[in-house]
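Okay, structure first, notes after.
The values are calculated or read from the model by the stated rules, or taken from the named source; none is laboratory data. The model shown is predicted, which means the values in this text are computed figures rather than measured ones. Here the Cβ positions follow ideal geometry from the backbone for every residue, glycine too, while neighbour counts run over all protein chains shown. Surface areas here come from the heavy atoms of the whole protein model, side chains and all, with no ligands, DNA or RNA. Shrake-Rupley method; radii C 1.70, N 1.55, O 1.52, S 1.80 Å.
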Amino acid sequence: MFHDPAFIPFTPNARPSYRSALRNFLENWPPEAYRGGYFALDGVWPIIPKTHYLTDPDLIEEMLVARADAFGRDILTTAALSANITENALFFAEGAEWRWQRRALAPAFRHEHLLALVPRFSECAEAQAGSWRRAPPSGAVDIAHAMSQVTFAVIERALLSAPGAFDRDRYLAAMLASLQGMAWTRFYAFLSLPRWFPYPGSRNIRGQLRYLHAETARIIAERRTAALSETPAIVDLLLAAKDPETGRQMSDPVLISNLYGLMVAGHETSAVALAWALWILAKDQASQERLRQEARDVAADAAIGPETVEKLHFTKQVIQESMRLFPPAAAIGRQPRADTTLGPYRIPAKEPVYVAIWALHRHEKLWDEPNAFDPERFATEKAKARPRCAYLPFGAGPRICIGMSFAMLEMVTILATLVRDFRFEPVEGPLIELAPDFTTRAKGGLPVRVTPV
Ligand code: HEM
């Protein structure tokens, strides 16, 4: 078990505050969230709905898995995210529309297709390593920014196969800027304010979003006329997808939303998870050394490839444990389609329910020393002994993250490649502050020192 005060980045409020709702909504989850199985935050009638939160694995399984059809996406997440990922994408689609989009995308996420992508993951990690080798950083590196660049290169390769289809730096900068409006859009959704209502920086953010959607539309248009490569990229599968029941194909707006949605969902979450893993390893030097040794034992100096990636068991456990302490998605929202109950709790149709992942992952009854870092928790036998819905970085049930295996292979490859060749050390400074928006980010980035080993 490795302890560090920085692993507890805030103290839960006994009473919710508007300041926390805007700054870090996790502060408003009360101390009982970490001990009980359910809590609720009162609404302010008629504008702010009451919200329900689950931290009991059985109740969570009931909502996400057993009775998944009885719940859709919640109004707050939809209102907050749909400025970015538009509502006709897979992420928001419901019913028959969701089913056929999910089926259309499934082949791209099959195991053998993903294993074939591992050399691309390695190349992207190597590109980052090469730039650190050529110009060793003299001061602290914002590892969150560095990981955004690596995972964006990965998603570009996976979605489009050839890099260079667009101005990557500008696209990425616009995407990161646009996500910064999320705390406001969530807060406004909470207050039932219209989406066009201004907030600090909103003009700029809307401009960035227009640019991002126009660029994505241009990529789709170019792709329609381009020759297919031997291994089709994910965008080619989207273009070719046909609903087996009706024969229809995705319209341009749906294609654009899905491509853009995959760009955001596919790179930002993995970037955040990798950044926290490296920031934690910078503190826990013993785990870092063990991971380095594993990478050397498994792959020596060779690039991590399809035949080695699945032997990196400890590397995978480090990522799993980092995502327990700092889950990239801190909550998963749902809303019942009609008035219902979950266990003894009554949930009216107009009230959202959240799986409180951050609190579930630090729950006192589910984890020994929940705030300590211990990759051994994910050794096979220990992991099997836990309830199925005690650990949910990717969700569960039919709407489980479609990119889960992609992300795990990608993150293991990148982490092993970088830790094998570089030492990561902590940087003295004030305690980090959480500023969750689309994902669980730290305010101002995550500084670490990086030196070649
Ligand atoms: C560490 C990396 C990632 C994490 C932690 C993560 C987490 C999640 C979570 C929590 C959900 C919501 C599940 C629900 O509502 O029940 C989700 C959905 C989704 N994710 Fe991921 N994700 C990651 C990587 C990816 C990648 C790499 C892709 C694609 C390349 C992706 C694409 C999606 C899509 C399209 C959905 C919507 C699925 C649906 O509604 O059917 N994610 N993800």
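Residue-wise test of (1) more than 19 Å from A372 (Cβ to Cβ); (2) over 25 Å from the mean Cα position of the chain (by Cα); (3) at pLDDT 95 or above.
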| residue | (1), (2), (3) |
| --- | --- |
| E294 | yes, yes, yes |
| F314 | no, no, yes |
| F326 | no, no, yes |
| A331 | yes, no, yes |
| I347 | yes, yes, yes |
| A356 | yes, no, yes |
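Against the definition (surrounded by fewer than 16 Cβ atoms within 10 Å (Cβ to Cβ) and within 19 Å of the chain's Cα centre (by Cα)), how does R102 come out, yes or no? Here the answer is yes, as R102 does meet what is asked. Taking region 15-45 as the range and being touching a strand residue (DSSP E or B) at 6+ places or on another chain (Cβ under 6 Å), open to solvent by less than 10 Å² (accessible area, probe 1.4 Å) and at pLDDT 95 or above as the test, only A33 passes.
In region 116-224, counting only helices (runs of 4 or more DSSP H) that sit wholly within it, the ones holding 1 or more residues that are within 16 Å of the ligand (Cβ to nearest atom) and open to solvent by 40 Å² or more (accessible area, probe 1.4 Å) span 143-160, 182-190.
Pairs linking a residue in region 401-426 that is of a type in the set (G, A, S) and open to solvent by 20 Å² or more (accessible area, probe 1.4 Å) to a residue that is in a helix (DSSP H, G or I) and more than 8 Å from the ligand (Cβ to nearest atom), with Cβ atoms under 6 Å and 6 or more positions apart or on different chains, are S405/L114. Residues of region 262-283 that are more than 16 Å from the ligand (Cβ to nearest atom) and surrounded by 24 or more Cβ atoms within 10 Å (Cβ to Cβ): L281 alone. Among the residues making up region 368-394, those that are open to solvent by 10 Å² or more (accessible area, probe 1.4 Å) and small (G, A, S) are A379, A383, A385. Which ones in region 65-83 are in a helix (DSSP H, G or I) and within 12 Å of the ligand (Cβ to nearest atom)? If the condition is that a residue be in a helix (DSSP H, G or I) and within 12 Å of the ligand (Cβ to nearest atom), then V65, A68, T77, T78, L81 are the ones that fit. Restricting attention to region 364-408, the residues that are within 16 Å of the ligand (Cβ to nearest atom) and of a type in the set (S, T, N, Q) add up to 1. Can you confirm whether T86 is in a loop (DSSP other than H, G, I, E, B) and over 24 Å from P244 (Cα atoms)? Yes.
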